[in-house]
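As structure tokens, the structure follows; a few thoughts come after it.
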Amino acid sequence: MLNHIRLMFIALFMGLFLVACGDDSAQQDAAEEAAPTEMAAEEAAAEATTTEDSNSVVGMTEEEAVAKWGEPDLTQTHSIDALTITHHEWHGEDGITAVQFQNGVAQFSQFVAAE
């Protein structure tokens, strides 16, 4: 009888532990959607520009990027075996455009709007 009570307490404790540590992502998503979105029109335009630039930059060569934005203000190059990674940044009045090239082809880009 004492053994059964001990097993019931262990099962109760484990159940409470699992409930407390569980991830209720549906509830978190609902809370995020319910929160008011406070984004100015300028921020929305900058975000749209970021998405637009990042979509058009992927696949671009370094020469095409230099023709589009001019000579980069910052360049970093790292080589690992046959892979060469080059990071270019262009600083402008509207913000900073950063592009990462792998073996001469753009793979990632980011635009940070000026404040």
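In nanometres, what is the gap between the two model label sites at F108 and D73, each 7 Å from Cα along Cα-to-Cβ?
Inter-label distance under the simple model: 2.1 nm.
What order do you get for 12-18, 92-98, 68-74, 106-112 when each peptide is scored by the mean count of other beta carbon atoms within 10 Å, highest first?
106-112, 92-98, 68-74, 12-18
Given a Förster distance of 30 angstrom, what is the FRET efficiency for V58 paired with E93, based on the Cβ-Cβ distance and rounded to 0.05?
Details: r = 25 Å, r/R0 = 0.82.
Between V58 and E93 the formula returns 0.75.
Short version: what are the Cα gyration tensor semi-axes of region 58-115, square root of 5 times each eigenvalue, largest first, in whole Å?
Computed over region 58-115, the values are 21, 11, 10 Å.
Only the coordinates and a few stated rules stand behind these numbers; no lab work does. Note that the structure is a prediction, hence the values are computed from the model and not measured. Neighbour counts are summed over all protein chains in view; Cβ atoms, including those assigned to glycine, are modelled from backbone coordinates with ideal geometry.
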